[in-house]
1. Here's a check for you: in the range B:88-107, which residue that is crowded, with 24+ Cβ neighbours inside 10 Å and either of a type in the set (Val, Ile, Thr) or within 20 Å of the chain's Cα centre (by Cα) (or both) is farthest from the other protein chains (Cβ to nearest Cβ)?
2. Answer yes or no: is there a residue in the range B:249-262 that is in contact (Cβ under 8 Å) with a residue 24 or more places away in the chain and either within 14 Å of chain A (Cβ to nearest Cβ) or farther than 26 Å from B:Val129 by Cα (or both).
3. Suppose we filter the range A:193-210 for residues that are surrounded by fewer than 17 Cβ atoms within 10 Å (Cβ to Cβ) and over 28 Å from the mean Cα position of the chain (by Cα); how many remain?
4. Of the residues B:Val196, B:Val169, B:Val111, B:Val184, only one is over 19 Å from B:Phe77 (Cβ atoms), within 13 Å of chain A (Cβ to nearest Cβ), surrounded by fewer than 17 Cβ atoms within 10 Å (Cβ to Cβ) and more than 18 Å from the chain's Cα centre (by Cα); which?
5. Go through the range B:210-222 and report how many residues are within 14 Å of B:Asn74 (Cβ to Cβ), more than 8 Å from chain A (Cβ to nearest Cβ) and in contact (Cβ under 8 Å) with a residue 12 or more places away in the chain.
6. Being surrounded by 23 or more Cβ atoms within 10 Å (Cβ to Cβ) and more than 7 Å from chain A (Cβ to nearest Cβ) is the requirement here; does B:Ser201 meet it?
7. What are the residue pairs meeting all of these: first residue in the range A:234-256, first residue under 17 Å from A:Ile274 (Cβ atoms), second residue of a type in the set (S, T, N, Q), Cβ atoms under 9 Å, and 6 or more apart or on different chains?
8. Would you confirm whether or not the range B:121-130 contains a residue that is away from chain A (no Cβ under 12 Å), touching a residue at least 60 places away in the same chain (Cβ under 8 Å) and surrounded by fewer than 24 Cβ atoms within 10 Å (Cβ to Cβ)?
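We did not get these values from a lab; they are worked out from the coordinates using the rules stated. No experiment lies behind these values; they were computed from the predicted model shown. A quick note on method: Cβ atoms are made from the backbone with ideal geometry, for glycine too, and the neighbour counts reach across all protein chains shown.
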Amino acid sequence: MSKDELPQEAPSNETSQAAAKPPLSKERRLQARRKLLRTFLLTGGIFGAAASGFLPLAYAQKKRLRPPGALDEKDLLASCIKCGQCVQVCPVEAIKLADLVDGMGVGVPYIEARAQACDFSCDAIQCILACPTGALTYKKPAGMRIRPGAPLASKPILLAKEKDAEPTLNMSERIGVARLTRPESCLARKGQGFKGLARGPDFPGKLRYVEIDRWRPIKVAEHPYDVPLCDLCVQACPIKGAITLEKVTGPEGQVRALPVVHEPCVGCGVCEMICPTEPASIEVMPGEGWRA
Amino acid sequence: MSEALRRRFKEQIKAMFGAEPQKPALIEERAQKVHELKRLTNKAELAAAKEAHRARAKHHRWRNRRWLTLILVNLLFVVSFQLDIQILEGALTASRFIGFHLIDLNSALQVMLAHKHIITNLLIGTATVAVLWLLLGGRSFCSWVCPYHLLAEWAEKIHLWLAAKKLVVDQPIDRRLRSAFWVVFALLALLTGYTVYEAISPTGIVSRTIIYGAMSLWAFVWVLALLVFEIFFVRRAWCRYACPIGLTYGVIGIFSPLRIKYTLATCFHEGECRKVCLVPHVLDTVIKGRAVDIEVPIGPDCTRCGLCVDVCPTGSLKFDIKGLSKLM
């Protein structure tokens, strides 16, 4: 009621002032007690909700792919202001913001590589440029944790701008590393080719195909493949020298091959996204370092 | 500024942090005269005048301007992303307005405390926003921009409707709680290195939900729970008793020249303003005999929402820019 919310004009019901003022009536004492109780209840409720905000820290062991240039998990959670400017500049919409139930920090960016990997269509890692707090950064300030195996031996060369004056990406650490996690299902290893749409006609993911349009990524569903020996991961990889197909001849003279990941791999996850087997034979391991 | 007004100014800062406003000990002589004259007025005439005031058509000029502004600002965020027109990119926590960094003061504070490493863009954005709201009235951020404020205003309407039917009763809470939350969330950020307030901030969540949609749907459930709580239990609970963002902008508002000004002589003390006010403790000056001067600026906790300006039957509450009348 409107009357209830007027500030108390009668003696204040704060206990600290009770001594100086005439004793409160029983009704007022009860009111004061109820108010105190409600205050505690609201406090409890809000801190309960706040505690749920800490869940991502509890899950921190579970690795997830963060955008390029992201600080190490704990530093990222501390510095991300949850504005989504990285989401807005990404030309392939690879970056998503985590929701409450995702357990990765409400509003903190992540990439689901299988659905839409970062293919560096922006050429210059625009998400880093957009970040206002340095949660995504070209150069880590001193004292920030660097994961073992994360530093790249040299600046990665982006195949799309290989002929440009500046062919490299301004990236000094990888966000993960690709591994052939299901070699048994890999088409190349089975000596099989691939014909058709890599991820089916309904797949919404996009990639930049330099030979089609250097400046505009198109839907993977609009780009059919026809290869005698599947090498989609190698074809799609945006980084020079990050993955190759190593041919081996089988015992019956059959040509087989194996995708092999090399040191320049930045962990963007394009290979995982394009892999036509279900589930993907090659996957990016978020946050993992390079092991020779 | 007179001594009485100076004392009131300090009192209002304390009130913002949760103290109950007290009866003034010192009242300017000219104000005392007006109070005295008001006591001498014929009761029947006064009652008749009040009746006439109440019967006058109500208008919502400032509320409509404010709602329009709030919706347009938030819509600008949405279309900047969805239609890719790139005028106001980001969300309320941090954004770029045609390239200029803007960073919410409380979010910036949380990140600075948690991360302990401040980059130039963060500083520039924070300083820009601080200057902006210093000029525009501090907590005017709450009522003119914050999207949760609008949802809470609608929830408040439902609450008041239910209260009129005696189905719910407002359960006021100790206002010092907001200051306590501010300190606790700042300490949590500093000590845990994690911006936990940002995870539950309804301002950030609502802003992200309207801009990014489904990505922030579950977090929005928490906001809905808050609104339900406000409808059935505590009127405007979050904005009044919890939100640290409001307090941060309130502190900026201490130094702001833009505020509501109260004129004692014309006021009939109907008290309509205090019924609609989000922060009625800033309007204690309109209670009969409380005004310390013939003109009293309203304190920093005021959100400059203009509801009192709309509802005041005598035009005794007006938007005012400090020093402007002297200049002109």
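1. The extreme case among them is B:Asn106.
2. Keep residues of the range B:249-262 that are in contact (Cβ under 8 Å) with a residue 24 or more places away in the chain, which gives B:249-262.
Keeping just the survivors that are either within 14 Å of chain A (Cβ to nearest Cβ) or farther than 26 Å from B:Val129 by Cα (or both) gives B:262.
Checking the range B:249-262: at least one residue is in contact (Cβ under 8 Å) with a residue 24 or more places away in the chain and either within 14 Å of chain A (Cβ to nearest Cβ) or farther than 26 Å from B:Val129 by Cα (or both).
3. 3
4. On the way: B:Val196 fails: surrounded by fewer than 17 Cβ atoms within 10 Å (Cβ to Cβ); B:Val111 fails: surrounded by fewer than 17 Cβ atoms within 10 Å (Cβ to Cβ); B:Val184 fails: surrounded by fewer than 17 Cβ atoms within 10 Å (Cβ to Cβ).
On inspection, the qualifying residue turns out to be B:Val169.
5. 1
6. Numbers: surrounded by 23 or more Cβ atoms within 10 Å (Cβ to Cβ): yes; more than 7 Å from chain A (Cβ to nearest Cβ): yes.
Taking the combined requirement at face value, the residue satisfies it.
7. Matching pairs, first to second residue: A:Val234/A:Thr244; A:Pro238/A:Ser121.
8. Looking for residues that are away from chain A (no Cβ under 12 Å), touching a residue at least 60 places away in the same chain (Cβ under 8 Å) and surrounded by fewer than 24 Cβ atoms within 10 Å (Cβ to Cβ), one finds at least one in the range B:121-130, hence yes.
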